[in-house]
Amino acid sequence: YDYHTGDPKADLAYERQYEHQQTYHVIPEVIKNFLQYFHKTISDLIDQKVYELQANRVSSESIEQKIYEIQDVYQGCVKLINSDSRFIMLQKISYSKKKSGFDGFTTAHLMCFMLSDADGPAPLELPNQWLWDIIDEFIYQFQSFSQYRCKTAKKSEEEIEFLRNNPKIWNVHSVLNVLHSLVDKSNINGQLEVYTSGGDPESVAGEYGRHSLYKMLGYFSLVGLLRLHSLLGDYYQAIKVLENIELNKKSMYSRVPECQITTYYYVGFAYLMMRRYQDAIRVFANILLYIQRTRNMFQRTTYKYEMINKQNEQMHGLLAIALTMYPMRIDESIHTQLREKYGDKMLRMQKGDLQVFEELFSFACPKFLSPVVPNYDNVHPDYHKEPFQQQLKVFAEEVQQQAQLSTIRSFLKLYTTMPVAKLAGFLDMSEQEFRIQLLVFKHKMKNLVWTSGISALDGEFQSASEVDFYIDKDMIHIADTKVARRYGDFFIRQIHKFEELNRTLKKMPLTGASSSASNSTSRAT
């Protein structure tokens, strides 16, 4: 490993030199048969269904164990399938999902180097699901290794020494460089800008961006950057990278459900941490409604279903937090699910129970990372928990600032006018403390809310609070801003629907009645 530098060109040269030095083992028949079948399938332009079904065979325990036993299986693969470069690249992508740490880092960088630094576009056309899996796995490998690197409690001296001597393995700058290079190579931001303005993306795509492979890798890399910046706690930059993607509108690019769900999860979480509660609630409610309607599309036996189910539970938890801190009306079906899952916890959070807030946040938040390599000469045993503890501290401080707002809101709903001193007495506060809390109420209930435009960072300051007030000398004047439901309009719409249905039924021929009449006539004769 000493010869690996993190530079893709140098590593590729080293890998080629290293491969020539290896002795070749005999490939077991089970792997040989699988590779030949997989190669034939690739050559026949496989579709999405084949990928999902055959991917399980690639990762079966018997083949996986034998692959690990053979250190130089790829040399045999090259001879077996006559050096088909397309297949070798795909096999590397598939095999990299089973690697971790240094090997995964090297394979991922070499793969991205082959795609982004070739003389021309790679001769590949892959399903969008494959391309999303590549980026998703790339971020996951970085996330896993970053957490492994920071957990030093049970590591041997050899492991720590290796990590100390190789600080560039899964360096955050290398990961960012790979994702940004794919974005730049595809010119996906330029394409999205033209697409949203009604133009032809092909006009600005360039040599690489015209290929579906690079275009979709660039798009998925934007989502990867959203995820990466969120894991590092940079929420503004996380949403900033999506400034050319219209989240509130379906597009030709949103074809992979897992990508769609991941995007909304991280955007919603970033909004929550930026105190844009109304936007967070809107994002979570929209994607939860989408999951509710499309859940039957996913096979319950696949890893996708498990991932979607977990993120579904996490987003319900985050939505419960957001609604507790910023009550507003949402879709009735989502609200019903929320009451079933977190009804008791929401009541406790409304009473200011900080422990419930922290428990729900710990369950629903992403696994935060530190971009800095630890100092192995003096590292705390709980160093790997510091990124999470830092984000939890920021969140808890925000909750504590709003601890009294729920109680104040409930009292304000009961009155239209009230002396400030009297209402302060009800809350066991001094008048000065109560006035401060009223200012906090005004400040926290006014959020930056997205109204129009492409960028998710755009918005106007609005308040969706059900009560509003102003203070005139020593009196507080309260107004109920809750808009009553228009039941009349609902009933009128239903009456029109019923009349239209009735007219349609009258136009339909009574086939059943005419046939029964003819039958009775024939029996009579």
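Sketch the reach of a paramagnetic label on D353 as a point 7 Å from Cα along Cα-to-Cβ, and name the residues of the stretch 323-347 whose backbone nitrogen lies under 11 Å away. Once the point is set 7 Å along Cα→Cβ of D353, 343-347 turn out to lie under 11 Å by backbone N, inside the stretch 323-347.
F363 sits with roughly 100 Å² accessible to a 1.4 Å probe, with DNA, RNA and ligands left out of the calculation.
Largest accessible area first, the residues H180, H380 order themselves as H380, H180 under a 1.4 Å probe with ligands, DNA and RNA left out. Put a dot 7 Å past the Cα of T196, heading toward its Cβ, do the same for V440, and the two dots end up 3.7 nm apart. Projected onto its three principal axes, the C-alpha set of the stretch 148-222 covers 59, 20, 16 Å, listed from the longest axis down.
Placing a pseudo-label 7 Å from each Cα along the Cα-to-Cβ vector at K506 and D382 gives an inter-label distance of 7.6 nm. Residue ranking by accessible heavy-atom surface, 1.4 Å probe, largest first, among E157, E193, E313, E499 comes out as E157, E193, E499, E313. For E431, the accessible area of its heavy atoms, probed at 1.4 Å with every protein chain present, is near 70 square angstrom.
A 1.4 Å probe over all protein chains sorts Y140, Y266 by accessible area into Y140, Y266, starting with the largest.
Between K367 and E207, the FRET efficiency from the beta-carbon distance, with R0 = 30 Å, is close to 0.20.
Which net charge results for the neighbourhood of M445, defined as the other residues with beta-carbon distances under 12 angstrom from its beta-carbon, given Lys and Arg at +1 and Asp and Glu at -1? Net charge around M445: +3. Scattering from the stretch 256-377 was approximated by placing one identical point on each alpha carbon and applying the Debye formula without solvent; log10 I(q)/I(0) at 0.09, 0.11, 0.18, 0.21 1/Å stands at -0.27, -0.40, -0.95, -1.22. Full extension of the chain segment joining Q147 with E332 gains 62.7 nm, where the gain is 0.36 nm per residue of separation less the Cα-Cα distance.
Size check on the stretch 319-460: the Cα extents along the three principal axes, sorted descending, read 63, 38, 34 Å. With the cut-off at under 11 Å, measuring from each backbone N in the stretch 416-450 to a point 7 Å along the Cα-to-Cβ line of D474 picks out 419-422.
Annotation: extensible slack from E306 through K168 equals 46.4 nm (criterion: 0.36 nm per residue apart, minus Cα-Cα distance). Projected label points at S406 and N375, each 7 Å from Cα along the beta carbon direction, are separated by 4.2 nanometres.
Packing, taken as the mean count of other beta carbons within 10 Å per residue, orders the peptides 407-413, 240-246, 393-399 from highest to lowest as 240-246, 407-413, 393-399.
D133 sits with roughly 10 Å² accessible to a 1.4 Å probe, with DNA, RNA and ligands left out of the calculation.
The values are calculated or read from the model by the stated rules, or taken from the named source; none is laboratory data. Just so it is clear, the model here is predicted, and its values are computed rather than measured. Positions of Cβ are backbone-derived with ideal geometry, glycine not excepted, and every protein chain shown enters the neighbour counts. Protein only, heavy atoms only, side chains kept; ligands, DNA and RNA dropped before computing areas. Shrake-Rupley method; radii C 1.70, N 1.55, O 1.52, S 1.80 Å.
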